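Contents: one structure, followed by commentary.
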Amino acid sequence: MGRRNFLRSSAAFAGLGALAASLSPLREIGDYSSVDEFMQKYYKEMTPDDMSKVIKRIENEVQRQYGIRPHVRDLKPMDGVEFVYCLNLTRCIGCRKCVHACVAENNQSRNPEIQYIRVLKLPHGSMDIEKADHLYNPEAVPQKGFFYMPVQCQQCHNPPCVKVCPVHATWQEKDGITVIDYDWCIGCRYCEAACPYWARRFNFTKPEIPKERLNPNMAYLGNRPRKQGVMEKCHFCIQRTRVGRYPACLEVCPVGARKFGNILDPDSEVSYILREKRIFIQLKEEMGTNPRFFYYFEK
Amino acid sequence: MIHATRDYLTFLWRCARIAFVGDWRYYTWMGGLTVFSLLGLHAYCNQFVHGLIVTGMSDEVSWGVYIANFTFLVGVAAAAVMMVIPVYIYDNEELHDLVIFGELLAVAAIIMCLAFVTVDLGRPDRFWHLIPGIGQLNFPRSMLSWDVIVLNGYLLLNIHICGYLLYCRYQGRKPSKWFYIPFVFIAIVWAVSIHTVTAFLYVGLGGRPFWNSSIVGPRFLASAFSAGPAIIILALQVIRRVTRYHITDKALLTLRSIVQVSMIINVFLLINEIFKEFYSGNLHVASSKYLFLGLDGHHALVPWIWTAIVFNLISMFLLILPLSRSLRWLDVACVLCIVGIWIEKGMGLVIPGFIPTPLGALIEYTPSMNETLVCLGIWAFGLLCYTIFLRMSVPILQGTLSKANEHLPEPEAGVEHSPVPAPH
């Protein structure tokens, strides 16, 4: 009996030791999450009081991590505004300035690199994006015989990503912008599989942004730094456009290929383009997603 | 009431105790599975801390072996009904007691499924957002919310049916029909639903032409109803060998005819799919081309899918031939069928859906070492659960673990009680 008991207790100790060893990577957990973040309510159920506490928490976290006190706001959609983007394919030269302006404005991770805009290089005469070159890298752009098509979130009227999200972590706002509550997303990546435009990005690890590059002008549903394990994507620069400024990608475009505005205002530039231009297209129109992003051609 | 609770707790305690008792083969097997489970746990802790970057997944191929194994195992779980149907609808006596083994397999498979979805989450700490009432479950719009409901419902149904029948047998009383027959019929419909809903998870994505096809659902069912019973055939033979539990060849051959018919349907549907994809030759064939032939010099999946097809075909011919009435050949057919369908329903279904991306980029995917260890860990843990379930249920069904012998000394390692005929 003594021997059996001894064997039993040694087996139990060995088992516990092995279990502890298996759990050992958890020692490096760091600032994975906080109790406040874990308990945080769903965006649409927060009172203004809840929101101000959340904003304080986020500002403190950013300050602790980057040494900069950011200005985080919860910007709501404006009444009588629905945003639309128009992109002139005839003018776009494929310089990718928009890609990098976007990264700088929206505090995307630099390591690993996350970018919201993907510029496709396509041969003249084809709209078959399976022929697209994503990694073109010539001495100078544009190259003869090609045109360039930047693709980012198309802000669909019928967004498949919103439909598939199991926890309502992404939704469409009144002004047409599909947003993500980064503190509610569970990281299942179903939206990433559902998006026909490959517009969504996942934080496969903790995003890295150099301190001196951090943009401190932040919005809760916009460019505040994300955590590991959640989705993000283009949100038409909510932190700028909801206070009457243009998106960063538009401001940087050297050839004026990008136009942005309120489609509900008949005098806006985008209303004029969609009314007067003879050819404009929605990407993958046959999907029935009905994007708020239009491509048009004009000298 | 207090009496009943005490009886039930005694039952659970004795079941738990017997899980730690067995001969050297049992300890070796369980020890090995525990080691792999812990290796998997270690790998998962590593992933939990550093993020899904430790896997082979990317923004281009955003689901990998986790979801592939999940899809396969939902099929295995659903296939438990293929034993229930003959018993409860056609009154097949041979399979009567064996139903419990099928349903316990379903329970183990669902546990593995839930583990595979959990390890795929970027923020597993936020799982409570899925709980209706306190979270924000997007029901009925999101197919994933349907999956959460049907999988957990199926788990509860099967735990109830097995648990109730085993407890009645333990007490030596006849189960009350009202307490389980309605649930058995619900479980039959429910089993079809878990696999259909899982198929709809893919079918519902309009932006992924490889999945957006109505044949995915029927193919899921056909492949599940061949791989699932094939696993049960092998499991029953193991049970027969390592315990004194009597399982007739006739019961195994009944299952053989189920695998046989399902495999023929599965291969037929595969031919349908291949024809539709390649004959019309439209632009959406890129994913299928990548899978079956390779695309622009990328062909990581080609050897896999052809292995799967060859295995499925050999398995089908073996099953059709009278040869597979001999158990040796039946086992070969079952193994080929399981491996073939695991490849085809797992990697062969999930990965090509992402290649090329909706913007035409060709990025391939290979599971990382860490990811593979997590998968092995979950499989080992699932087998561990199934072994424990069998370790508890076999003596109960045999009558060696019953209320009647509650006061006798517990069996020690390596010493089995002589079988007492089970009360019918």
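Kindly establish whether B:Val54 is surrounded by fewer than 24 Cβ atoms within 10 Å (Cβ to Cβ), touching a Phe, Trp or Tyr at 6+ places or on another chain (Cβ under 7 Å) and either closer than 30 Å to A:Arg201 by Cβ or of a type in the set (S, T, N, Q) (or both).
no
What are the residues in the range B:2-28 that are surrounded by 10 or more Cβ atoms within 10 Å (Cβ to Cβ), under 21 Å from B:Tyr164 (Cβ atoms) and among the aliphatic types (A, V, I, L, M), if any?
Hits for the range B:2-28 are B:Leu9, B:Leu12, B:Ala16, B:Ile18, B:Ala19.
It is to be established whether one or more residues within the range A:158-179 are surrounded by fewer than 17 Cβ atoms within 10 Å (Cβ to Cβ) and on the phi > 0 side of the Ramachandran plot.
No: the range A:158-179 contains no residue that is surrounded by fewer than 17 Cβ atoms within 10 Å (Cβ to Cβ) and on the phi > 0 side of the Ramachandran plot.
Of the residues in the range A:160-197, how many are in contact with a Ser or Thr (Cβ under 9 Å, 6 or more places away or on another chain), β-branched (Val, Ile, Thr) and farther than 13 Å from A:Lys233 by Cβ?
Of the residues in the range A:160-197, 2 are in contact with a Ser or Thr (Cβ under 9 Å, 6 or more places away or on another chain), β-branched (Val, Ile, Thr) and farther than 13 Å from A:Lys233 by Cβ.
Can you tell me which of (1) modelled with pLDDT of 95 or more; (2) away from chain A (no Cβ under 14 Å); (3) under 16 Å from B:Glu60 (Cα atoms) is the one B:Phe311 doesn't meet?
It fails just one condition, (3).
Given the condition out of contact with any helix residue (DSSP H, G or I) (no Cβ under 8 Å at 6 or more places or on another chain) and more than 15 Å from B:Ala78 (Cβ to Cβ), answer yes or no: does some residue in the range B:209-230 qualify?
no
With more than 16 Å from the chain's Cα centre (by Cα) and closer than 23 Å to B:Ile355 by Cα as the only criterion, which of B:Ser262, B:Ser287, B:Ser257 stands out?
Of B:Ser262, B:Ser287, B:Ser257, the one residue that is more than 16 Å from the chain's Cα centre (by Cα) and closer than 23 Å to B:Ile355 by Cα is B:Ser287.
Scan A:Arg292, A:Arg278 and give me the residue that is in contact with a strand residue (DSSP E or B) (Cβ under 9 Å, 6 or more places away or on another chain) and within 20 Å of A:Pro77 (Cβ to Cβ).
A:Arg292 is the lone residue from the list that is in contact with a strand residue (DSSP E or B) (Cβ under 9 Å, 6 or more places away or on another chain) and within 20 Å of A:Pro77 (Cβ to Cβ).
Of the conditions (1) closer than 30 Å to B:Thr400 by Cα; (2) surrounded by 18 or more Cβ atoms within 10 Å (Cβ to Cβ), B:Leu270 satisfies every one except a single condition; which number is it?
(1)
Can you go through B:Val189, B:Val242, B:Val184, B:Val238 and tell me which one is farther than 25 Å from B:Ile396 by Cα and either surrounded by 15 or more Cβ atoms within 10 Å (Cβ to Cβ) or not small (Gly, Ala, Ser) (or both)?
B:Val189
A:Val255 fails exactly one of the following numbered conditions: (1) in contact with a Lys or Arg (Cβ under 6 Å, 6 or more places away or on another chain); (2) crowded, with 18+ Cβ neighbours inside 10 Å; (3) of a type outside the set (Asp, Glu). What is the number of that condition?
Going through the list (1) in contact with a Lys or Arg (Cβ under 6 Å, 6 or more places away or on another chain); (2) crowded, with 18+ Cβ neighbours inside 10 Å; (3) of a type outside the set (Asp, Glu), A:Val255 breaks only (2).
Would you point out which residue out of A:Asp181, A:Asp128 is modelled with pLDDT of 95 or more and of a type in the set (D, E, K, R)?
So the residue among A:Asp181, A:Asp128 that is modelled with pLDDT of 95 or more and of a type in the set (D, E, K, R) is A:Asp181.
With (1) facing another protein chain (nearest Cβ under 7 Å); (2) more than 14 Å from the chain's Cα centre (by Cα); (3) assigned to a loop (DSSP other than H, G, I, E, B) as the list, and A:Gly187 as the residue in question, which single condition is left unmet?
Among (1) facing another protein chain (nearest Cβ under 7 Å); (2) more than 14 Å from the chain's Cα centre (by Cα); (3) assigned to a loop (DSSP other than H, G, I, E, B), the lone unmet condition for A:Gly187 is (2).
If the requirement is being over 22 Å from A:Gly15 (Cα atoms), in contact with a His (Cβ under 6 Å, 6 or more places away or on another chain) and among the aliphatic types (A, V, I, L, M), which of these qualifies: B:Ala4, B:Ala78?
B:Ala78
Do we have A:Tyr136 as in contact (Cβ under 8 Å) with a residue 12 or more places away in the chain, more than 10 Å from every other protein chain (Cβ to nearest Cβ) and in a loop (DSSP other than H, G, I, E, B) here?
In short, yes.
Within the range B:312-330, can one find any residue that is touching a residue at least 40 places away in the same chain (Cβ under 8 Å), touching a Gly at 6+ places or on another chain (Cβ under 9 Å) and surrounded by fewer than 16 Cβ atoms within 10 Å (Cβ to Cβ)?
Within the range B:312-330, one or more residues are touching a residue at least 40 places away in the same chain (Cβ under 8 Å), touching a Gly at 6+ places or on another chain (Cβ under 9 Å) and surrounded by fewer than 16 Cβ atoms within 10 Å (Cβ to Cβ).
Name the residue, out of B:Pro367, B:Pro356, that is away from every other protein chain (no Cβ under 12 Å) and touching a helix residue (DSSP H, G or I) at 6+ places or on another chain (Cβ under 7 Å).
None of the others qualify; the one that does is B:Pro367.
Pick out, from the range B:2-112, the helices (runs of 4 or more DSSP H) lying fully within it that include 1 or more residues that are over 22 Å from B:Gly377 (Cα atoms) and among the β-branched types (Val, Ile, Thr).
B:2-18, B:81-88
Would you call B:Phe200 in a helix (DSSP H, G or I), modelled with pLDDT under 95 and of a type outside the set (A, V, I, L, M)?
So B:Phe200 fails the test.
Check the range A:211-227 and report whether any residue there is surrounded by 15 or more Cβ atoms within 10 Å (Cβ to Cβ) and within 14 Å of chain B (Cβ to nearest Cβ).
Within the range A:211-227 (the criterion being surrounded by 15 or more Cβ atoms within 10 Å (Cβ to Cβ) and within 14 Å of chain B (Cβ to nearest Cβ)), the answer is yes, since at least one residue qualifies.
So which residues in the range B:128-138 are surrounded by 16 or more Cβ atoms within 10 Å (Cβ to Cβ) and either more than 8 Å from chain A (Cβ to nearest Cβ) or assigned to a loop (DSSP other than H, G, I, E, B) (or both)?
Listed by number, the residues that qualify are B:Gly135, B:Gln136, B:Leu137, B:Asn138.
Across the range A:156-184, which residue is nearest to B:Val148 (Cα to Cα) among those that are part of a loop (DSSP other than H, G, I, E, B) and of a type in the set (Phe, Trp, Tyr)?
Per the criteria, the residue is A:Trp184.
On the basis of being more than 14 Å from chain A (Cβ to nearest Cβ) and either within 29 Å of B:Ser288 (Cβ to Cβ) or of a type in the set (Val, Ile, Thr) (or both), does B:Thr400 make the cut?
Spelling it out, B:Thr400 is indeed more than 14 Å from chain A (Cβ to nearest Cβ) and either within 29 Å of B:Ser288 (Cβ to Cβ) or of a type in the set (Val, Ile, Thr) (or both).
The values are calculated or read from the model by the stated rules, or taken from the named source; none is laboratory data. Fair warning: this is a prediction, and the values are worked out from it, not measured in the lab. All Cβ positions, glycine included, derive from the backbone under ideal geometry; neighbour counts span all protein chains shown.
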